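See below for the structure under consideration.
The values are calculated or read from the model by the stated rules, or taken from the named source; none is laboratory data. None of these values were measured; they are calculated from a predicted model. Backbone-built Cβ (ideal geometry, glycine too); neighbour counts: all protein chains shown.
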Amino acid sequence: MIDLRSDTVTKPTTKMREAMFHAEVGDDCYGEDPTVNALEAYAAERIGKEAAVYVPTGTMGNTAAILAHTQPADLILVDKECHIYYYEHGNMSSFGGVMPVLSDTASGCPEPAFIEPYLQRDPRRFPRVSLICVENTHNRRGGQAVSLESMAALHEVACRYDTPVHLDGARVFNAAHALGVDVRDIAAQVDSIMFCLSKGLCAPVGSILAGSADFIARARRARKQLGGSMRQAGVLAAAGLVALREMTERLVEDHAKAQILAQGFAEFESLAIDPERIDTNIVILDTGPLGMAAPEFAQMLQKEGVQVSIYGPTMARFVTHHDVSESEVIQARDIACRAIHRCLGENP
Ligand code: TLP
């Protein structure tokens with residue numbers, strides 16, 4: 001089976017398994033796990049923030065960030081397709097007591113003209129917007145990399161009103177490659193950032209939340225509240241260190257593999273896929289023009305040995321990653337293209 005459902009399906013590499021076996025550990029709730037401490041210190045430096053905390057999942061990292069930045073009854077401004085709003089089971093409301101204000105732009109990055117009126121409102125009469133979130137790369141918007149210019153414009157308006165910006169940077173290293181910048185340049189545009197070690201970087205578990213030392217002290221309390229303080233987590237952090245030290249550069253290979261798919265799909269005019277607009281390792285295909293729902297299309301591919309995920313009634317998502325080779329991606333492209341031909345009633 002060629003599994004293109006997500007880059008989360010990647011398995012820890014041999015080097016990671018060796019590092020996990022040999023990891024020095026201690027009780028991290030006492031701050032005594034040397035491997036977790038090393039990962040947090042290295043992650044903070046790598047991303048260009050004062051401090052960092054290791055969390056079990058990206059979802060918990062985002063939730064801890066919201067808890068650390070906001071008060072109950074606040075508003076947070078998010079894109080309507082972002083992971084925090086779309087997938088995280090209302091954590092912002094159930095744990096943080098905050099409500100979302102939804103922005104909707106093609107890039108997924110909220111625009112200053114939309115944000116500013118909310119930040120100007122009289123706090124005696126309106127709930128306060130205490131956080132703005134942005135996602136880069138943007139998962140549901142086709143793995144697009146949000147430009148540094150858009151992020152800087154957002155940061156500028158947020159700074160003027162003393163409002164923090166949090167980045168869901170689950171795939172921020174993919175974004176850095178796509179934009180041709182250092183990951184620190186992206187992180188410099190936000191007050192806090194969460195990024196995942198367990199997606200394209202292949203660690204089995206874990207994400208990092210980074211920001212100022214004060215913010216991270218609050219986030220550590222939030223992590224505890226959410227049940228995410230771990231004990232001898234060094235066995236996991238050891239794989240995270242390998243992920244961060246050795247796996248970020250190879251993400252370009254995943255982008256090249258996504259281009260193989262995109263170029264195949266671009267042959268079908270009705271699918272309107274432009275490979276130049278596929279920035280990273282995610283290709284979303286609209287099955288509507290095929291006269292087929294995404295679940296049916298996914299089932300058809302599955303029967304032929306390719307797994308994709310369903311991203312909406314007519315949206316199928318293909319994600320390339322470390323654990324699928326270029327030749328497997330070519331095979332998957334050919335299977336998908338043959339299926340598309342069949343749906344269109346054409347002979348390949
Ligand atoms: N994304 C998963 C699914 O939940 C959709 C995937 O397969 O892409 N932020 C972003 C942008 C994400 O894509 C994800 C996971 C998360 C946060 C959450 O990370 P985890 O799964 O570690 O909680």
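A few points about this structure:
- Residue within the stretch 91-102 that is surrounded by 14 or more Cβ atoms within 10 Å (Cβ to Cβ), within 11 Å of the ligand (Cβ to nearest atom), in the same structural domain as Q189 (by TED's automatic domain parsing) and within 14 Å of the chain's Cα centre (by Cα) present: no
- One residue from A316, A336 being in contact with a helix residue (DSSP H, G or I) (Cβ under 7 Å, 6 or more places away or on another chain), without any contact (Cβ under 8 Å) to a residue 40 or more places away in the chain and surrounded by 20 or more Cβ atoms within 10 Å (Cβ to Cβ): A316
- Residue match in the stretch 117-128 (condition: within 16 Å of the ligand (Cβ to nearest atom) and either of a type outside the set (D, E, K, R) or under 19 Å from the mean Cα position of the chain (by Cα) (or both)): no
- Helices (runs of 4 or more DSSP H) contained entirely in the stretch 53-165, each with at least 2 residues that are on the phi < 0 side of the Ramachandran plot and at pLDDT below 95: none
- For the stretch 194-202, the criterion of being surrounded by 24 or more Cβ atoms within 10 Å (Cβ to Cβ), within 19 Å of E45 (Cα to Cα) and among the small types (G, A, S) is met by no residue.
- Among the candidates K15, K80, residue that is touching a residue at least 12 places away in the same chain (Cβ under 8 Å) and out of contact with any strand residue (DSSP E or B) (no Cβ under 9 Å at 6 or more places or on another chain): K15
- Number of the condition not met by G227 [criteria: (1) away from the ligand (no atom under 13 Å from the Cβ); (2) farther than 21 Å from I66 by Cα; (3) not aromatic (F, W, Y)]: (2)
- Restricting R171, R160, R220 to residues that are within 15 Å of the ligand (Cβ to nearest atom) and in contact with a helix residue (DSSP H, G or I) (Cβ under 9 Å, 6 or more places away or on another chain) narrows the list to R171.
- Some residue of the stretch 309-329 being part of a loop (DSSP other than H, G, I, E, B) and over 17 Å from M1 (Cβ atoms): yes
- Restricting attention to the stretch 27-42, the residues being in contact (Cβ under 8 Å) with a residue 40 or more places away in the chain, in contact with a helix residue (DSSP H, G or I) (Cβ under 8 Å, 6 or more places away or on another chain) and in a loop (DSSP other than H, G, I, E, B) number 1.
- Index of the failed condition, I260 passing every other in (1) over 21 Å from R5 (Cβ atoms); (2) in contact (Cβ under 8 Å) with a residue 40 or more places away in the chain: (1)
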